[in-house]
């Protein structure tokens with residue numbers, strides 16, 4: 001059962017955590033939205049997939065936002081309690097630091113579980129979906145780019161071949177050649193002019209030709225037909241999302257990485273595990289960094305907290321790079337930096353600890 005102190009600390013940390021997490025999500029969403037609009041303006045992304053693409057990017061980046069949000073929330077909430085002498089009052093009631101650790105872990109454990117779910121399950125799925133959306137957009141762009149002057153465009157394993165001699169104003173086509181074998185018969189279409197359009201409902205590209213000739217069948221056979229047309233439409237279907245393979249390691253499902261012995265796969269796996277584990281480690285670091293006397297200036301500890309998290313991120317990248325390149329052995333993994341920082345912070349704060357101050361007061 002949660003005590004009064006546990007509920008109080010949980011409420012203080014939760015309020016700050018929700019505020020900080022909301023601000024971080026808004027900042028990241030704004031940056032991603034601007035970047036997405038830039039890709040739309042450059043033609044690399046269609047306007048009809050902007051919201052879905054933005055949502056997938058937020059899901060991909062969410063696991064990296066929760067640990068710093070929790071760390072800052074714990075520092076702010078406990079720092080406020082230290083400045084208002086609430087931590088001293090709690091200690092005077094006979095409740096030591098262990099009770100503060102327990103209360104904070106009541107919030108850290110669910111936050112770590114949520115981060116683990118996002119990192120191990122949703123992040124690779126979102127990364128794969130982003131890759132598929134970009135592949136589809138690239139395929140559609142390729143289809144449009146394939147309809148360029150003097151270039152052949154081949155689709156459906158060579159059963160459709162398209163050639164355009166000239167393009168005017170980006171959509172008007174001149175001297176078009178089409179070789180189509182998709183319906184089991186051979187069809188050749190020649191046209192002097194046409195235009196290109198895009199069906200937003202289906203995502204298909206449509207070529208509409210005018211005043212041309214169509215040849216059906218194989219020359220020399222009795223069923224060979226030749227005809228003229230005033231209007232002829234050809235629909236080109238885009239590649240389906242599920243047909244796009246996952247090439248990025250970050251898009252591989254976690255069970256696949258668990259069964260791999262490749263150091264690069266193991267580095268990706270440790271990267272996903274590092275998120276939820278860092279929430280617990282940062283909770284253990286936040287308490288000594290914020291438990292200062294009201295008479296002490298908090299700037300020194302806040303600077304140490306900033307350096308700790310800055311070192312945390314850089315050591316994480318360094319450890320993962322060392323594991324991937326074989327500098328560190330596989331059995332060592334890439335999570336050793338979290339234990340290293342935990343020890344360094346406690347060693348740095350050791351002179352200000354209760355037991356060291358008590359030893360200094362003892363007469364020689």
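The values are calculated or read from the model by the stated rules, or taken from the named source; none is laboratory data. The structure displayed is predicted, hence computed values, not measured ones. Don't worry about glycine lacking a Cβ; one is built from the backbone with ideal geometry, like all the others, and counts go over all protein chains shown.
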Just one of the numbered conditions (1) at pLDDT below 70; (2) not in a helix (DSSP H, G or I) is not true of residue 359; which one?
-> (2)
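Report yes if some residue within the stretch 271-279 is within 25 Å of residue 62 (Cβ to Cβ), modelled with pLDDT under 85 and either touching a helix residue (DSSP H, G or I) at 6+ places or on another chain (Cβ under 9 Å) or part of a helix (DSSP H, G or I) (or both); otherwise report no. Spell out how you get there, then give the answer.
Here is the first cut: in the stretch 271-279, the residues within 25 Å of residue 62 (Cβ to Cβ) are 271-279.
Within this subset, residues satisfying the condition of being modelled with pLDDT under 85 are none.
Within the stretch 271-279, none of the residues are within 25 Å of residue 62 (Cβ to Cβ), modelled with pLDDT under 85 and either touching a helix residue (DSSP H, G or I) at 6+ places or on another chain (Cβ under 9 Å) or part of a helix (DSSP H, G or I) (or both).
Let's see how each residue does on (1) closer than 28 Å to residue 270 by Cβ; (2) within 19 Å of the chain's Cα centre (by Cα):
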| position | (1), (2) |
| --- | --- |
| 25 | yes, yes |
| 31 | yes, yes |
| 37 | no, yes |
| 49 | no, yes |
| 66 | yes, yes |
| 72 | yes, no |
| 92 | no, no |
| 105 | yes, no |
| 112 | yes, yes |
What about residue 315, is it in the same structural domain as residue 80 (by TED's automatic domain parsing), surrounded by 15 or more Cβ atoms within 10 Å (Cβ to Cβ), modelled with pLDDT of 75 or more and closer than 20 Å to residue 87 by Cβ?
-> no
Can you find a residue in the stretch 38-52 that is assigned by TED's automatic domain parsing to the domain that holds residue 275, modelled with pLDDT under 90 and crowded, with 19+ Cβ neighbours inside 10 Å?
-> yes
Residues of the stretch 230-265 satisfying the condition of being out of contact with any strand residue (DSSP E or B) (no Cβ under 8 Å at 6 or more places or on another chain), modelled with pLDDT under 85 and loosely packed, with under 12 Cβ neighbours inside 10 Å | 240, 242, 243, 245, 247, 259, 261
From the options 74, 69, 121, residue that is touching a residue at least 12 places away in the same chain (Cβ under 8 Å) and either surrounded by fewer than 20 Cβ atoms within 10 Å (Cβ to Cβ) or not assigned by TED's automatic domain parsing to the domain that holds residue 27 (or both) | 121
